[in-house]
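Undergrad: Got a structure here, written out as structure tokens. Questions coming.
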Amino acid sequence: MSVNPWRDLRVTPPVAGSLALFVGISFLVVRGVTASWDRAVVLAAGDARTPVLVDLMLGVTLLNEGVIPVIAALGFCLLLWRLGGPRPALTLFSAAVSGEALYVLAKAAFRRPRPDLVEKLSGAGWHSYPSGHTMLAPIIWSLGLVLLARHAGGAVRAALLALAVAIPLLMAMSRLVLGVHYPSDVLGALALGGAWMFLWLDASRSPSTSRSPSTM
């Protein structure tokens, strides 16, 4: 069995749908269609802040802050190698590295300024669209948790899959509450990050040696 997931990358319906959503959101952002809605949501999120909510969102955003996602990705890879061999580990490693490169390219392509409507309560680097924290959540956390869930059962499996869904959504919410992104930033990031997650998730279970030439 091949251990190289790069050979099995293909555009499935979930990948195509997520990419189409990202293209649509990006078009609306570039054309300025989302401007008034973006502003209203950022202001509403700022008004909704409470000490407890802010502390919670700061904790969530830390999951993709600094070296933490690197440590998480490497930890997932080690666990996956132990439980399932090199292929799932290489899949996650490849998804994380290529996803980071994709995020950098997307930021550089759109060059959208960050919102300056409410006080920023978290670190905010360069461009705003798409949100890097949010985009990397499905690529690292969701993909890692789903791959681990394949080796679990019962309540543990259900908990891992629930976290795989919850973490990207909470990450998107945290970036809004902390005042460092527009809602269209995080929606675009969820779409692009989701597409990348689905791309590599399919490759992780599609060894090229088991596929016919018509499905390559």
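The values are calculated or read from the model by the stated rules, or taken from the named source; none is laboratory data. Please read these numbers as outputs of a predicted model, since none were measured by experiment. With ideal geometry, Cβ positions are generated from the backbone for all residues, glycine too; neighbour counts draw on all protein chains shown. Surface areas here come from the heavy atoms of the whole protein model, side chains and all, with no ligands, DNA or RNA. Shrake-Rupley method; radii C 1.70, N 1.55, O 1.52, S 1.80 Å.
Undergrad: Probe radius 1.4 Å, ligands and nucleic acids left out: which of Glu119, Glu65, Glu100 has the largest accessible area, and how do the rest follow? Don't skip to the end; give the middle numbers.
TA: Working: Glu119 130, Glu65 55, Glu100 80 Å².
Heavy-atom accessible area, descending, gives Glu119, Glu100, Glu65.
Undergrad: Under a 10 Å cutoff between Cα atoms, tell me which one of Gly193, Gly85, Gly66 has the largest fluctuation in the Gaussian network model of the chain.
TA: Looking only at Gly193, Gly85, Gly66, the largest GNM fluctuation is found for Gly66.
Undergrad: Among Gly179, Gly153, Gly84, determine the one that fluctuates most according to a GNM of the chain built with springs between C-alpha atoms less than 10 Å apart.
TA: With Cα springs under 10 Å in the chain, the top fluctuation among Gly179, Gly153, Gly84 is at Gly153.
Undergrad: What dipole magnitude, in Debye to the nearest 20, does the chain give about its Cα centre under +1 on Lys/Arg Cβ and -1 on Asp/Glu Cβ?
TA: Working: 17 positive and 10 negative charges, 109 e Å.
It works out to roughly 520 debye.
Undergrad: Let me ask another. Given the Cα-Cα distance of Val165 and Ala101 and 0.36 nm per residue of separation, how much length would full extension add, in nm? Don't jump to the answer; show the numbers that get you there.
TA: Details: separation 64, 0.36 × 64 = 23.04 nm, distance 2.31 nm.
Between Val165 and Ala101, full extension yields an extra 20.7 nm.
Undergrad: Compare Val118, Val52, Val29 in a GNM of the chain, Cα atoms joined below 10 Å, and give the one with the largest fluctuation.
TA: Largest GNM mean-square fluctuation: Val52.
Undergrad: Pairs of Cα atoms under 8 Å, at least six residues apart: use those to get the relative contact order of the chain, whole percent. The partial results should precede the final answer.
TA: Values: 321 pairs, mean separation 81.5, N = 216.
RCO, the chain: 38 percent.
Undergrad: Taking a temperature of 4 °C and a viscosity of 1.567 mPa s, what whole-number D in µm²/s does Stokes-Einstein yield for the range 32-117 with Rh from Kirkwood over alpha carbon pairs? Intermediate values should be presented prior to the final figure.
TA: Details: Rh = 16.1 Å.
Here the translational diffusion coefficient equals 80 µm²/s.
Undergrad: Nearest 500 deg cm²/dmol is fine: what mean residue ellipticity at 222 nm does the chain get from its DSSP H runs of n ≥ 4 alone, each adding -39,500 (n - 2.57), divided by its residue count?
TA: Numbers: 9 runs with 142 residues, N = 216.
Counting only the DSSP helices, I get -21500 deg cm²/dmol.
Undergrad: Further question: Summarise the accessible area of the chain (1.4 Å probe, protein heavy atoms) by the percent that is carbon and sulfur.
TA: Details: 7300 of 10300 Å².
That share works out to 71 percent.
Undergrad: Leaving out ligands and nucleic acids, and using a 1.4 Å probe, what accessible area per residue does the range 73-216 come to in Å²?
TA: Values: 5890 Å² over 144 residues.
Spelled out: the 1.4 Å probe surface of the range 73-216, per residue, equals 41 Å².
Undergrad: Tyr182 accessible area, nearest 10 Å², 1.4 Å probe?
TA: Roughly 40 Å² of Tyr182 is accessible to a 1.4 Å probe.
Undergrad: Moving on. With charges set only on the Cβ (+1 for Lys and Arg, -1 for Asp and Glu), what does the dipole of the range 6-121 come to about its Cα centre, in debye to the nearest 20? Numbers along the way, then the final one.
TA: On the way: 12 positive and 8 negative charges, 86 e Å.
Rounded to the nearest 20 debye, it is 420 debye.
Undergrad: Which trypsin sites (Lys or Arg not before Pro) in the range 27-109 sit in a loop by DSSP (not H, G, I, E or B) and have at most 16 other Cβ atoms within 10 Å of their own Cβ? Display every interim value, and only then the final one.
TA: Details: sites: Arg31, Arg39, Arg49, Arg82, Lys107; in loops: Arg31, Arg49.
Here the trypsin sites (Lys or Arg not before Pro) that fit, given the DSSP loop and packing criteria, are Arg31, Arg49.
Undergrad: Could I ask something else about it? Using a Förster distance of 30 Å, how high is the FRET efficiency between Ala20 and Ala152, based on the Cβ-Cβ distance and rounded to 0.05?
TA: Working: r = 32 Å, r/R0 = 1.08.
Rounded to the nearest 0.05, the efficiency is 0.40.
Undergrad: OK, next. Computed FRET efficiency, Cβ-Cβ of Ile71 and Ala109, R0 25 Å: what is it to the nearest 0.05? Could you put the intermediate results ahead of the total?
TA: Details: r = 28 Å, r/R0 = 1.14.
Calculated value: 0.30.
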